[in-house]
Amino acid sequence: MFRFKQFDVEHDRSSMKVGTDGVLLGAWCDIQGAKRALDVGTGSGLIALMMAQRNLALDVDAIDIDHDSVVQASSNFENCQWGERLRAIEGDYVTFQLAKKYDIIVSNPPFFNNGVLPPATSRMNARHTVTLTYDQLLAKSKSLLADSGKIAIVSPADCADVILEACGDNKLYVSKMVKVFPIDGKPAKRILWEIMSVSVTTTQSSIVIRNHKNEFTEEYRELCKDFYLEF
């Protein structure tokens, strides 16, 4: 179990464990004023829980193709204080019929486009584009966006060109692009993206997680202060 300030997350059955990428996205995504949210590839339900904590008027649907992940996310939702606003759904995001439109769609999506497949089937499905490509993710998400809705994802830095191409193919526009540096002075490893269906000017920025002393930076502490116990 991973303990946060206002909720706990069990993740032993989930295809995706609690990690920095999910925490970053859950703390960073813009949910101000949003009423409906969708977490794609929810895993343990971490990002959905974070959004529910941050916005008390937000209803969150969370979808995953992996059965055990959905069971565990459902349990985590039931055991938190916002359970009535959280719903776990088992299904293939590309083909599943969702009747709602969403103000914000978030995803910590498949990595390892060209990498070695992880050995475990559930982790492979969660982390590899055998089940969901960036193009499929963005195309489906666009169809579910409310007017002025937003898509927020985290990706490896070396997937930037693929995501920009997928945005172009689906007539989507990057509103925010944040390079994530794990250690000060080292190359960026991740990028946080905010994507919209209306043409906007891209705002670019960066965040450093740890300084040269391997201590968490003040900017990372500020971003995640409502979640990590040690912050």
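The values are calculated or read from the model by the stated rules, or taken from the named source; none is laboratory data. These numbers were taken from a predicted model, which means no experiment stands behind them. So basically every Cβ, Gly included, is an ideal-geometry build from the backbone, and we count neighbours across all protein chains shown. With ligands, DNA and RNA removed, areas are computed over all heavy atoms of the protein, side chains included. Shrake-Rupley method; radii C 1.70, N 1.55, O 1.52, S 1.80 Å.
Brief remarks on what is shown
- Within segment 150-162, considering residues that are in contact (Cβ under 8 Å) with a residue 60 or more places away in the chain and open to solvent by less than 40 Å² (accessible area, probe 1.4 Å), the one farthest from residue 19 (Cα to Cα): 152
- Lone unmet requirement of (1) modelled with pLDDT of 95 or more; (2) within 20 Å of residue 18 (Cα to Cα); (3) charged (D, E, K, R) for residue 230: (1)
- Condition check for residue 85: basic (Lys, Arg), touching a helix residue (DSSP H, G or I) at 6+ places or on another chain (Cβ under 6 Å) and open to solvent by 50 Å² or more (accessible area, probe 1.4 Å): no
- Flag if residue 12 is open to solvent by 10 Å² or more (accessible area, probe 1.4 Å) and under 18 Å from residue 61 (Cα atoms): no
- Every residue from segment 20-58 that is open to solvent by 30 Å² or more (accessible area, probe 1.4 Å) and in a loop (DSSP other than H, G, I, E, B): 30, 32, 33, 35, 41, 56, 57
- Among the numbered conditions (1) open to solvent by 10 Å² or more (accessible area, probe 1.4 Å); (2) outside any helix (DSSP H, G or I); (3) farther than 23 Å from residue 191 by Cα, the only one that residue 75 does not meet is (2).
- Scanning segment 167-195 for residues that are closer than 16 Å to residue 22 by Cα and open to solvent by 50 Å² or more (accessible area, probe 1.4 Å), we see that the one that is nearest to the chain's Cα centre (by Cα) is 190.
- Boolean, residue 147 is within 23 Å of residue 51 (Cα to Cα) and open to solvent by 90 Å² or more (accessible area, probe 1.4 Å): yes
- Any hit, segment 2-11, residues being on the phi < 0 side of the Ramachandran plot, touching a His at 6+ places or on another chain (Cβ under 8 Å) and part of a helix (DSSP H, G or I): no
- All positions within segment 144-166 that are under 22 Å from residue 92 (Cβ atoms) and over 18 Å from the mean Cα position of the chain (by Cα): none
Residue by residue, here is whether (1) touching a strand residue (DSSP E or B) at 6+ places or on another chain (Cβ under 9 Å); (2) modelled with pLDDT under 95 holds:
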| position | (1), (2) |
| --- | --- |
| 47 | yes, no |
| 54 | no, no |
| 63 | yes, no |
| 77 | yes, no |
| 88 | yes, no |
| 93 | yes, no |
| 104 | yes, no |
| 120 | no, yes |
| 123 | no, yes |
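- The set of residues from segment 144-162 being among the β-branched types (Val, Ile, Thr) and within 21 Å of residue 47 (Cα to Cα) comprises 151, 153, 154.
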